[in-house]
Amino acid sequence: MSENKKRIFSGVQPSGNLTIGNYLGAIKNWVGLQDEYDCMYCIVDLHTLTVRQDPKELRQRSLSVLALYMACGLDPEKNILYLQSHVAAHAELAWILNCYTYIGELNRMTQFKDKSQRHADNINAGLFTYPALMAADILLYQTDLVPIGQDQKQHLEITRDVAARFNNLYGDVFVVPEPYIAKVGAKIMSLQEPAKKMSKSDENENNFVTLLDSPDVVVRKFKKAVTDSDREIRYDEENKPGISNLMSIYSSVTGKPFGDIEAEFQDKSYGDFKLAVGEAVAETLKPVQERYNQLMGNKDYLNEVLKVNGERAARLAYRTLNKVYKKVGLLPRG
Ligand code: ATP
Ligand code: LTN
């Protein structure tokens with residue numbers, strides 16, 4: 001890690017198998033940024049506890065997400081790939097930032113509103129203060145840029161507000177981070193309900209495609225995807241959300257602009273198009289799945305990556321945390 005490169009931080013929750021939404025909206029961009037920036041890519045396991053998890057599955061998924069990060073092309077030597085819970089500074093700074101985040105700000109968060117509806121029997125305090133932990137993740141590492149999907153923009157804004165508020169009180173403690181949101185793929189929608197975001201924790205498996213779905217399953221899910229009543233393959237988010245979503249996915253995996261896709265499928269049916277999208281996605285996932293299977297065959301190696309990278313992250317994190325503790329008036333640990 002050199003001192004003059006800018007810092008990137010981002011993370012995914014190990015709350016289910018990663019979807020092509022997570023990949024196209026976030027991880028694919030991370031891969032492209034790893035040479036130019038000092039990158040930290042975290043598996044944010046503490047965040048997943050805001051929704052009830054099966055402990056055994058969570059343990060398995062945390063390792064699986066690491067393997068997927070690497071299978072998608074993230075190099076653990078070049079980037080710091082680690083688990084949030086392995087660096088206690090995240091929880092420690094989150095507590096402090098909780099005391100600098102207003103209830104009124106948290107009340108506006110759409111993710112909180114969505115998740116409270118989906119989990120009405122468990123609207124816990126952690127779900128509400130989720131953005132303070134996310135702000136801690138980012139601010140601990142003096143992050144310049146945060147590559148995320150569209151749905152996380154609001155959380156990044158609150159992070160910026162809290163950082164600026166803290167800096168105003170105590171001097172320049174935190175870098176105020178900028179979001180990095182891709183032009184195509186930043187909001188992949190559900191295949192069955194294209195008005196809502198594709199989400200790995202959706203109860204209906206036909207709504208999402210995971211990075212580990214077999215080619216047959218991928219093609220089947222795309223064949224079933226909801227479209228609309230006319231027959232034109234044309235980008236129109238408002239009137240043709242299903243087709244537009246499929247076009248975004250196709251464009252993102254093939255690199256073809258929308259105009260070229262419209263021309264390619266001018267005389268073709270929705271069925272032809274859906275098959276082409278399914279096959280293109282399956283093709284993209286093939287090498288990822290091969291690497292994933294190899295990596296999952298060597299858990300000792302994955303655990304070693306977590307250990308080494310967790311230590312690297314902790315060293316950086318405590319530099320910021322010590323500064324924060326001092327600023328707010330906590331005695332140094334000696
Ligand atoms: P959950 O279902 O548990 O809420 P999720 O699938 O929504 O999870 P997160 O772990 O919250 O995913 O998000 C990880 C990253 O992937 C974030 O940067 C987020 O913006 C991005 N992302 C998630 N879903 C999509 C999507 N449908 N399209 C584009 N980007 C997405
Ligand atoms: N809230 C994010 C996951 C997340 C994150 C972060 C993303 C937690 N901490 C820090 C970027 C930077 C989500 O995708 N739901």
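Some notes on this structure:
- HN-Hα J in Hz across the range 225-238 - Karplus 6.51, -1.76, 1.60, θ = phi - 60°, x for Gly and Pro: 4, 6, 10, 8, 7, 7, 10, 8, 9, 8, 7, 7, 4, 6
- For K197, distant residues with modelled amide H under 5 Å away: S190
- Backbone geometry of the range 188-195 corresponds, through the Karplus equation with coefficients 6.51, -1.76 and 1.60 at θ = phi - 60°, to 3J(HN,Hα) couplings of 7, 9, 4, 6, 8, 10, x, 7 Hz, x marking Gly and Pro.
- Relative intensity, log₁₀ I(q)/I(0), of the chain from a Debye sum that treats every alpha carbon as a point, q = 0.07, 0.09, 0.10, 0.12 Å⁻¹: -0.30, -0.50, -0.61, -0.87
- Per residue, the chain exposes 47 Å² of solvent-accessible protein surface, assessed with a 1.4 angstrom probe and all protein chains in place.
- Volume per residue for the range 181-334 equals 180 cubic angstrom (convex hull of Cα atoms).
- Rounded to the nearest whole Hz, the Karplus-based 3J(HN,Hα) values (6.51 cos²θ - 1.76 cosθ + 1.60, θ = phi - 60°) of the range 52-58 follow the sequence 4, 10, 7, x, 5, 5, 4, with x at glycine and proline.
- Highest mean packing first, where packing is the average number of other Cβ atoms within 10 Å per residue, the peptides 158-167, 302-311 line up as 158-167, 302-311.
- Surface composition of the range 95-161: carbon plus sulfur atoms hold 54% of the accessible area, using a 1.4 angstrom probe and ignoring ligands, DNA and RNA.
- Sorting 251-258, 272-279 by their mean Cβ neighbour count within 10 Å, with the most densely packed peptide first, gives 272-279, 251-258.
- Apolar share of the accessible surface for the range 200-279: 45 percent from carbon plus sulfur atoms, 1.4 Å probe.
- Every helix of 4 or more DSSP H residues in the chain counts as -39500 (n - 2.57), and over all residues that averages to -16500 deg cm²/dmol at 222 nm.
- Comparing mean-square fluctuations of G185, G242, G32 from a GNM of the chain with C-alpha springs under 10 Å, the top value falls on G32.
- Rg over Rh, two decimals, the range 21-166 (C-alpha only, Kirkwood Rh): 0.95
The values are calculated or read from the model by the stated rules, or taken from the named source; none is laboratory data. Bear in mind that the values here come from a model prediction, so they are computed numbers and not experimental data. All Cβ positions, glycine included, derive from the backbone under ideal geometry; neighbour counts span all protein chains shown. Surface accessibility is based on the protein's heavy atoms, side chains included, excluding ligands, DNA and RNA. Shrake-Rupley method; radii C 1.70, N 1.55, O 1.52, S 1.80 Å.
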